[in-house]
1. Looking at the chain, what % of its DSSP beta bridges pair antiparallel, to the nearest 5?
2. What percent of all Cα-Cα pairs in the stretch 1-145 falls in each 5 Å bin, counting up from 0?
3. Answer rounded, prolate or oblate for the stretch 1-81, using the Cα gyration tensor with square roots of eigenvalues a ≥ b ≥ c: rounded when a/c is under 1.5, else prolate when a/b is larger than b/c, else oblate.
4. Assuming a ≥ b ≥ c are the square roots of the Cα gyration tensor eigenvalues, decide whether the stretch 111-204 counts as rounded (a/c under 1.5), prolate (otherwise, with a/b larger than b/c) or oblate.
5. For the chain, with every protein chain kept in place, what is the accessible area per residue (1.4 Å probe, Å²)?
6. May I ask for log10 I(q)/I(0) of the stretch 297-375 at q = 0.17 Å⁻¹, from a Debye sum over the Cα atoms as equal point scatterers with solvent left out?
7. Using a Förster radius of 25 Å, what is the FRET efficiency between T344 and L54 based on their Cβ-Cβ separation? Nearest 0.05, please.
8. With a 1.4 Å probe and all protein chains left in place, how much of the accessible area of the chain comes from carbon and sulfur atoms, in whole percent?
Amino acid sequence: MATISRSELRERLGDPALTIVDVRPLAAFNGWRLEGEARGGHIPGAKAFPAAWLGIVDGPEVERLLHEKGLTAEREIVAYGYSDDDVAALSTRLEALGVGPVHVLVGGAQAWAADETLPLERLPNHDKLVNIEWLRQVLAGGRPEAAPAGRSLLFHVNFGVPEEYAEGHIPGALYLDTNWLEDPVDWNRRSPEAIEAALQGLGITHDTTVILYGRDTEGHANEKWPGRRAGQIAATRALMILRYAGVDDVRLLDGGYDWWVQGGNPLETIAREPAPVESFGVPVPLRPEVIVDIDEAKEIIADPAGAALVSVRTWREHIGDVSGYNYIGPAGRIKGDVWGNCGTDAYHMQHYRNVDNTMRAYPEIASNWDEAGITPDKWVAFYCGTGWRASETWFYAYLQGWQRIAVYDGGWFEWSQDPINNPIEVGLPEVPAGTDTA
């Protein structure tokens with residue numbers, strides 16, 4: 001295979017004719033030092049395409065992803081990873097598609113990271129998105145990179161399905177029902193007193209490291225309770241409310257239950273009971289700014305230059321073809337919002353996840369947001385129907401270190417109930433050329 005040296009690549013960073021591809025696991029791309037490298041992160045401008053995808057994704061989807069990431073015949077390509085074998089696997093696939101030759105970075109990721117004069121980029125709060133190997137080590141009593149500083153708890157999260165937890169969960173996990181944090185009347189967060197009581201009952205204090213995960217199963221939006229099929233979204237909803245309440249260290253297991261099982265890791269059926277605590281330790285909510293209500297949502301809409309109310313909903317919801325929920329009648333969008341996409345329906349987030357159900361590479365998320373005018377210098381609040389999908393996107397902005405971000409808790413459910421005082425739009429908005437409405 002052709003090669004390129006570190007000095008040669010450094011001189012070509014930013015070259016518009018060059019595509020750099022990182023074939024390591026996404027956790028390494030984000031910043032985790034999975035092989036003990038000197039520094040974590042990826043080469044600036046690199047695209048993430050884990051070599052493992054070649055074995056789990058069908059041919060047409062692989063071709064689509066390669067094209068989406070700029071790995072095409074018209075471009076020069078440099079690949080790097082932890083091993084030459086991983087790079088060779090991608091190179092072979094590309095050459096079969098008429099793309100190449102691929103130049104391999106001499107020394108790979110480890111050599112680049114070892115040279116402190118060479119730049120690296122990483123997800124600012126990558127340690128809040130944990131990986132399977134990290135969790136395995138923590139559960140075994142180890143002290144991996146970014147280990148919890150003190151007491152930690154692991155939770156299997158879903159919406160009202162304790163039977164799922166009983167069927168099998170990650171060893172040591174407790175059960176967390178989102179109903180304990182949300183009011184079923186409007187699906188907004190419960191009162192501060194109720195949240196505090198729930199957290200104390202679960203044994204959570206403000207300085208507990210809380211690790212959350214969910215289980216995603218097949219389902220459709222017309223089920224009576226389709227939210228029960230969206231475990232990872234439920235986990236981010238709980239995570240956001242815990243952060244709002246005052247928990248300092250909240251983390252999500254990327255890929256959740258499904259990735260744990262696919263990795264051949266054990267499950268247990270032991271029904272573990274939490275040990276309640278007498279005090280949460282700080283006033284609830286410690287971070288009220290994490291959630292905004294309708295008056296603040298209107299303030300955000302009134303300041304399009306300095307703020308954005310982001311609709312994390314499908315295109316069909318956005319234009320008013322459907323409400324997206326079996327319990328919400330009106331269809332449409334909040335006038336003045338910015339469409340942020342989500343996936344195929346109210347319980348799927350394909351636009352923000354990879355083909356393996358992990359978080360999409362964060363530069364791709366940031367780029368999509370930037371094209372829509374959703375930028376970190378603004379006051380950004382995400383909304384959906386009742387806050388679940390909005391919570392997942394809030395978490396991704398939090399991982400990127402955005403400072404003024406929130407979830408509009410009432411969402412479309414609240415807004416649509418009073419169209420006289422809450423302006424609504426239906427139909428096709430003006431969409432910039434090239435916008436993906438899939």
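1. Numbers: 8 of 48 bridges.
So the antiparallel bridges in the chain amount to around 15 percent.
2. Going from the shortest bin to the longest, the percentages are 2, 10, 19, 22, 19, 14, 8, 4, 1, 0.
3. It comes out oblate by the Cα gyration axes.
4. Details: a/c = 2.56, a/b = 1.88, b/c = 1.36.
Here the stretch 111-204 falls in the prolate category.
5. Details: 18160 Å² over 438 residues.
It amounts to 41 Å² per residue over the chain.
6. These q points yield log10 I(q)/I(0) values of -0.74.
7. 0.50
8. Details: 9200 of 18160 Å².
Carbon with sulfur: 51 percent of the solvent-accessible area.
The values are calculated or read from the model by the stated rules, or taken from the named source; none is laboratory data. Fair warning: this is a prediction, and the values are worked out from it, not measured in the lab. Virtual Cβ from ideal backbone geometry, glycine too; neighbours counted across all protein chains shown. Heavy atoms of the whole protein, side chains included, go into the accessibility calculation; ligands, DNA and RNA do not. Shrake-Rupley method; radii C 1.70, N 1.55, O 1.52, S 1.80 Å.
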